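Some notes on the structure that comes next.
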Amino acid sequence: MNERQPEDPDARAREIELQMTDDERFSLLVGVLGKGDLWPLRDERIPPDVSMSAGYVPGVTRLGVPALMMSDAGLGVTNPGYRPGDSATALPAGLALASSFNPALARAAGEVIGREARSRGINVQLAGSMNLARDPRNGRNFEYLSEDPLLTGVLAAESVSGIQQQGVISTVKHFSLNCNETNRHWLDAIIDPDAHRESDLLAFEIAIERARPAAVMAAYNKVNGSYAAQNSVLLNDILKTAWGYRGWVMSDWGGTPSWECALAGLDQECGAQIDAILWGAEQFTDRLRAAYAEGRLPKERLSDMVRRILRSMFAVGIDRRGDPPEPDMDAHNKVALQIAREGTVLLKNDGTLPLASVERIAVIGGYAQVGVPTGCGSSTVVPPGGYAEVIPIGGPGLTGGTRNLYLLPSSPLEELRKQFPSAQIEFDRGLTPAEAVLVARRADAVIVFAIRVEGEGFDSADLSLPWGQDEVIAAVAAVNPNTVVVLETGNPAAMPWRDSVNAIIEAWYPGQAGSRAIAEIIAGKVNPSGRLPITFPVDLSQTPRPELPGLGEPVGTATPIDYSEGADVGYRWFARTGQRPMFPFGHGLSYTRFEYRDLVVAGGETVVAGVDVVNAGNRAGADVAQLYLIGAPGGRRLRLLGFERVDLKPGQSRRVSIEADPRLLADYADGAWRITPGSYSVAVGASAAAFAFTAEVELAGRAFGR
Ligand code: GLC
């Protein structure tokens, strides 16, 4: 690949910007949506020889500035009608990736996306989907990673780095607090600013400092009364000043409510046509030009907007790469398979799994004869060969048309038949309890697949499984003690039948190779190693907002949501309220047994812990050692301080060393991080509720950061 050597991107950006005309400057500030399922018209600003994608921004040929070709998203290169017949690797949900607790795998996922984007001429990937999973009803949690800022920030950083290493710009999104989908354009996320820094913003801060994403996408919603895209505190004070961010801030599609967003730190209006519908006009075309002509948009700010975009192009090197190699789709499928294998979580197992020497297996429900579900919205990827089936669901609002049950090919039923070639496997569609029971009662073991359609633009009304699946599961469990439930959902689910089934697997939306991974785990070919990146509550009464504000209100209703839990998201909320969840953050079972030995912890500036992880069972497997802060001066606090995934053979042990990011031991107050001097309790364990060892350390007090 004839790579040109990089020069100082900032110097090159300044040099080029100085030569640009104002028309050329303004042309970089507006991205237009291509013709596709969401926007059936071809915008004349897109040249006829340019292929369709989520966003197009013209370049400046005479100055060597390439056009920007933008595509979604964080789970693969999407194609909602832009490029007929085009497909890409459909990776598992972000929650599955996070369940692996495997940063190297997140990097590999990013590389897959980056290579497939480049091969299509895409040079901006709208990935880095990393809002905290605050609310288990949030329709987009499947795109995100976890409820914890450290796990989220570390994995998002690896994914972004994997993409950008391929010469493709990655975003991180949606900045910030896009944690519910209900009336998202009119949602006002209310949060204590310091708690915001200790939670959602901490995740972004970690990801941005580690991976330097060239672009940040502002969220649709308001934060504390001001639209994220027009929120100077968020964009100018925190992102660009306190954190020193040098890339550019783009809006979400139709997420630019005013030209004055430019004064608040927004650098580019994307999906401009949608702004014309939602806000009455495009904002960074005539309106911004007029503001500039009237002196209300300073020249220095215009230059800054342009230079941020230019320097990002050059820092990532979107103009420096030769012809991309053809992606190895088999190798990419293996990455999808590995994420599904490592991201599947064995929640409960009273002995039925792994299935061995069974003659008759009943497989029930979940369209398991067709394929596996994936989430809907802008992150939905058309897999190689196309979807196995798309079943319209529909719904209100702008994204109601994308609310479908998308089934990726290769069915769990087929894959189970491969794993159990000599067993007699019967399938029932799971439409009624009575029918399912007829098949279940004559089987040695029953595998019930349960699914839920989740996606962008809507939140689930509660945590229940739809379509009577709970009744089918309960009826089957009543006639067969070897009932295994496989959940293929984009969020935690309520499980009224959990005590009457023998085993429960959470496979999430498992991606194009997910059915194989599920079958391999059921058969014991793969030892499950996933750990929950999000707490499973028993029901919504355990959560900060049992009633979701705005749910069911007409589209356009102002929807303030008071995130009064602040930084106590997920497991921290359960610790604060003294509740016991159904399954805790970090939980996941294995077919072997792990022990922790010889914990040594040192204090001082931060906490450094060492512990031996031992495979005390009789088969190879992977564990995730987790280090938690469980006590600090001023009262109990719970915080994941670090984690490490280790693969171990039977009897093998590995010493794991974890050094805590000092911010995880600090409070954010008065514009800085502050560690209170005194005694801190830390614990190592297999979840946020299962500690093997605890230890006390002394920390010196200090203030740092901004
Ligand atoms: C969508 C999403 C955003 C996506 C963009 C382009 O509405 O909120 O994540 O990247 O628009 O499709």
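Only one entry in 632, 669, 690, 686 is hydrophobic (A, V, I, L, M, F, W, C), outside the structural domain of residue 239 (by TED's automatic domain parsing) and under 24 Å from the mean Cα position of the chain (by Cα), namely 686. Close Cβ contacts (under 6 Å, 6 or more residues apart or on different chains) running from residues in segment 461-480 that are in contact (Cβ under 8 Å) with a residue 12 or more places away in the chain to residues that are surrounded by 23 or more Cβ atoms within 10 Å (Cβ to Cβ) and part of a helix (DSSP H, G or I) comprise 472/436; 476/436; 476/440; 479/440; 480/440. Scanning segment 148-177 for residues that are within 14 Å of the ligand (Cβ to nearest atom), under 26 Å from residue 452 (Cα atoms) and not basic (Lys, Arg) gives 156, 174, 177.
Among strands (runs of 3 or more DSSP E) lying entirely in segment 651-701, which contain 3 or more residues that are closer than 20 Å to residue 568 by Cβ?
Where strands (runs of 3 or more DSSP E) fall fully within segment 651-701 and carry at least 3 residues being closer than 20 Å to residue 568 by Cβ, they are 667-669, 672-675, 678-687.
Residue under question is residue 185, and the condition is that it be surrounded by fewer than 24 Cβ atoms within 10 Å (Cβ to Cβ), within 13 Å of the ligand (Cβ to nearest atom), closer than 30 Å to residue 395 by Cβ and in contact (Cβ under 8 Å) with a residue 60 or more places away in the chain; does it hold? Against the criterion (surrounded by fewer than 24 Cβ atoms within 10 Å (Cβ to Cβ), within 13 Å of the ligand (Cβ to nearest atom), closer than 30 Å to residue 395 by Cβ and in contact (Cβ under 8 Å) with a residue 60 or more places away in the chain), residue 185 qualifies. Cβ separations smaller than 7 Å between residues 6+ apart or across chains give the following pairs from segment 558-581 residues that are at pLDDT 95 or above to residues that are surrounded by fewer than 22 Cβ atoms within 10 Å (Cβ to Cβ) and of a type in the set (Val, Ile, Thr): 560/190; 561/190; 562/190; 563/190; 581/538. Apart from one condition, residue 631 fits all of (1) out of contact with any Ser or Thr (no Cβ under 8 Å at 6 or more places or on another chain); (2) surrounded by 15 or more Cβ atoms within 10 Å (Cβ to Cβ); (3) not basic (Lys, Arg); the exception is (1). Test residue 156 against the criterion of being within 22 Å of residue 670 (Cβ to Cβ), crowded, with 24+ Cβ neighbours inside 10 Å and within 13 Å of the chain's Cα centre (by Cα), and give yes or no. Here the answer is no, as residue 156 does not meet what is asked. Which of the residues spanning segment 545-570 are buried (at least 17 other Cβ atoms within 10 Å of the Cβ) and touching a Phe, Trp or Tyr at 6+ places or on another chain (Cβ under 6 Å)? Hits for segment 545-570 are 559, 565, 570. When segment 586-628 is filtered for residues that are touching a Ser or Thr at 6+ places or on another chain (Cβ under 9 Å) and among the acidic types (Asp, Glu), the ones remaining, listed by number, are 595, 612, 623. Taking segment 142-187, which residues are assigned to a loop (DSSP other than H, G, I, E, B), of a type in the set (Ser, Thr, Tyr) and within 25 Å of residue 115 (Cβ to Cβ)? Within segment 142-187, 144 is the sole residue that qualifies.
Within segment 345-401, the residues that satisfy the criterion of being surrounded by 22 or more Cβ atoms within 10 Å (Cβ to Cβ), within 16 Å of the ligand (Cβ to nearest atom) and not in a loop (DSSP other than H, G, I, E, B) are 374, 376. Looking at 378, 357, just one residue is within 24 Å of the chain's Cα centre (by Cα), among the hydroxyl-bearing types (Ser, Thr, Tyr) and over 21 Å from residue 450 (Cβ atoms), and that residue is 378. The conditions of being surrounded by fewer than 22 Cβ atoms within 10 Å (Cβ to Cβ) and among the acidic types (Asp, Glu) are met by residue 499. In segment 115-147, the residue that is surrounded by the most Cβ atoms within 10 Å (Cβ to Cβ) out of those that are among the small types (Gly, Ala, Ser) and within 16 Å of the ligand (Cβ to nearest atom) is 127. Within segment 248-289, the residues that satisfy the criterion of being more than 13 Å from the ligand (Cβ to nearest atom), in a loop (DSSP other than H, G, I, E, B) and surrounded by fewer than 24 Cβ atoms within 10 Å (Cβ to Cβ) are 257, 258, 260, 279, 280, 281, 282, 285.
Free of Cβ contacts under 8 Å to residues at least 40 places away in the same chain, over 20 Å from residue 173 (Cβ atoms) and under 31 Å from the mean Cα position of the chain (by Cα): does that describe residue 48? Answer is no for this residue. Do the conditions hold for residue 611, that is, is it β-branched (Val, Ile, Thr), in a loop (DSSP other than H, G, I, E, B) and either closer than 21 Å to residue 463 by Cα or touching an Asp or Glu at 6+ places or on another chain (Cβ under 8 Å) (or both)? For residue 611, the condition - β-branched (Val, Ile, Thr), in a loop (DSSP other than H, G, I, E, B) and either closer than 21 Å to residue 463 by Cα or touching an Asp or Glu at 6+ places or on another chain (Cβ under 8 Å) (or both) - is not met. The residues of segment 50-71 that are touching a strand residue (DSSP E or B) at 6+ places or on another chain (Cβ under 7 Å) and of a type outside the set (A, V, I, L, M, F, W, C), listed by number, are 53, 55, 56, 59, 71. Here residue 541 fulfils each of the conditions (1) in contact (Cβ under 8 Å) with a residue 40 or more places away in the chain; (2) at negative phi apart from (1). Screening residue 322 on (1) in contact with an Asp or Glu (Cβ under 8 Å, 6 or more places away or on another chain); (2) at pLDDT 95 or above shows it passes everything except condition (2).
The values are calculated or read from the model by the stated rules, or taken from the named source; none is laboratory data. Everything numeric in this text was worked out from a predicted model, so none of it was measured. As a convention, Cβ positions derive from the backbone with ideal geometry for all residues, glycine included, and neighbour counts pool all protein chains shown.
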